[in-house]
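The values are calculated or read from the model by the stated rules, or taken from the named source; none is laboratory data. As the structure is a computational prediction, the values presented were derived from the model and not from experiment. Methodologically, a virtual Cβ is constructed for each residue, glycine included, from the backbone with ideal geometry; neighbour enumeration extends over all protein chains shown. What goes into the accessible areas is simple: the full protein's heavy atoms, side chains included, and nothing from ligands, DNA or RNA. Shrake-Rupley method; radii C 1.70, N 1.55, O 1.52, S 1.80 Å.
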Amino acid sequence: MKPQRTFHLTQEPFQAAQAPSEVGSMKIGIIGAGNIGGNLTRRLAALGHEVSVANSRGPETLAALAEETGATAVTAAEAARGARVVVVTVPLKAVPALPAGFLDGAAEGVVVIDTGNYYPQRDGRIAAIEEGLAESRWTEAQIAHPVVKAFNGTYAQDILTQGRPAGTADRQALPVAGDDEAAKATVRELIDELGFDTVDAGGLGTSWRQQPGTPVYGNRGDAAAIEKALASASPERTAEWRA
């Protein structure tokens with residue numbers, strides 16, 4: 001395995017306030033209503049959380065999802081207002097276009113989950129990522145806020161159908177990477193509430209281990225299988241991924 005390239009200016013973690021460590025019922029903002037965002041809206045609302053959901057086309061286009069789930073359709077600029085957790089689930093090419101200051105009205109210590117993946121065929125070539133910068137490190141630089149990487153290799157339908165009670169044999173596990181341990185704990189607790197185990201994938205600088213083309217991406221295994229997949233990852237992009 002070749003060593004990961006080091007970026008002294010941009011690989012350093014952002015400093016974040018302590019995030020809440022208990023889930024409970026809370027306000028959650030979801031920016032992006034595609035497959036992952038839509039199904040997270042469905043499950044989190046069903047669990048009793050106060051969910052606001054936004055997309056790039058305006059809240060009027062989310063009327064059906066809002067009616068189905070009880071979530072509130074809002075603009076992207078409003079999605080984080082008062083939220084303890086914000087999920088950014090948009091294509092990477094859309095991240096720089098998120099409204100300036102969209103996190104300004106969020107709760108203190110807001111936890112931001114990044115579900116994004118870099119596909120150059122869709123997103124265009126992003127030089128820093130091509131040179132070895134972790135995708136989510138690039139995203140947090142764009143939004144000027146720390147992120148926790150999760151759900152990026154999860155099949156959207158699994159969010160609706162594969163959740164199981166804690167302790168269930170072969171319970172599916174998801175990798176979670178981030179620099180802020182309290183924020184990461186909040187995300188892991190939320191995922192547990194959704195019905196999945198989690199594996200701590202380390203800091204955001206090594207979150208390349210769960211990017212597209214790695215053994216953990218799309219892996220439906222249990223915690224042991226996910227740990228093994230993370231350990232066997234290489235930072236080299238596969239020919240299949242580039243195609």
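Taking the chain as the region of interest, the number of lysine pairs whose Cα atoms are within less than 21 Å, with members eight or more places apart or on different chains, is 7.
Taking amide H atoms as placed 1.01 Å from N in the peptide plane, the amide H of residue 73 lies under 5 Å from those of 53, each 5 or more residues away in sequence or on another chain.
Using a probe of 1.4 Å on the protein chains alone, the accessible area found for residue 206 is around 50 Å².
Database remark: amide H of residue 202 closer than 5 angstrom to the amide H of 178 (H placed geometrically; neighbours at sequence offset of 5 or more, or on other chains; Pro and chain starts carry no H). Residue-wise HN-Hα couplings along the stretch 145-159, as the Karplus relation 6.51 cos²θ - 1.76 cosθ + 1.60 with θ = phi - 60° gives them from phi, are 7, x, 10, 10, 8, 7, 6, 6, x, 8, 5, 4, 5, 4, 4 Hz; Gly and Pro carry x. Accessible area per residue for the chain is 45 Å², calculated with a 1.4 Å probe on protein heavy atoms, without ligands, DNA or RNA. Taking the accessible area of the chain, probe 1.4 Å, and keeping the other protein chains in place, the carbon and sulfur fraction comes to 50%. Computed from backbone phi with θ = phi - 60° and the Karplus coefficients 6.51, -1.76 and 1.60, the 3J(HN,Hα) list for the stretch 106-115 is 6, 5, 4, x, 3, 9, 10, 9, 10, 9 Hz; x is used for glycine and proline.
Remark on residue 113: its backbone amide H falls under 5 Å from those of 86, 87, 88, 148, a criterion applied only to residues 5 or more positions apart or on other chains, H modelled at 1.01 Å from N. Peptides 122-128, 182-188, ordered by how many other C-beta atoms sit within 10 Å of their residues on average, highest first, read 182-188, 122-128.
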